[in-house]
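**Q** I'd like to ask some things about the structure below.
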Amino acid sequence: MSLLPSAPHSFTLLDAAIYAALVTNSLAVVLIASICHGPQFLISTTAFSCGARITGVDDILLDLSNAGFAVEKTDVVYDEQERLLTARSPAVLKQFCEKLAKCINLRSPLSSSGAEM
């Protein structure tokens, strides 16, 4: 799994090692998870099919759309075909973590019921 947090642009957009690892993981059908501004980094990877479902913080949604992503204005989006999980902001971290746990077949410690997901 690759996790792209929200980070300053100089850290994510210019780091060739992060870019290479992301492309390699995407091609290997590894789950890619990203939150807030993190999905913006996905624009430059060309690792996802046109129309891949995605979300992110409001100020990057136009960029994501222009790059060919199918932008959804919901808190958490999982594109099962692309193995891509994204969330709008840290304010929805609980929902993001619960969906992440479900995607990797784990029981979420944040679940109020404690039941298997």
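Only the coordinates and a few stated rules stand behind these numbers; no lab work does. All of these numbers come straight from a predicted model, not from anything done at the bench. Methodologically, a virtual Cβ is constructed for each residue, glycine included, from the backbone with ideal geometry; neighbour enumeration extends over all protein chains shown.
**Q** How would VAL92, VAL30, VAL77 line up from fewest to most surrounding beta-carbon atoms within 10 angstrom?
**A** So the ranking, lowest neighbour count to highest, is VAL30, VAL92, VAL77.
**Q** Let me ask something else about it. Express in nm, to one decimal, how much length is gained between THR74 and ASP59 on full extension, taking 0.36 nm for each residue of separation and deducting their alpha carbon distance.
**A** Using 0.36 nm per residue and subtracting the Cα-Cα distance, I get 4.0 nm.
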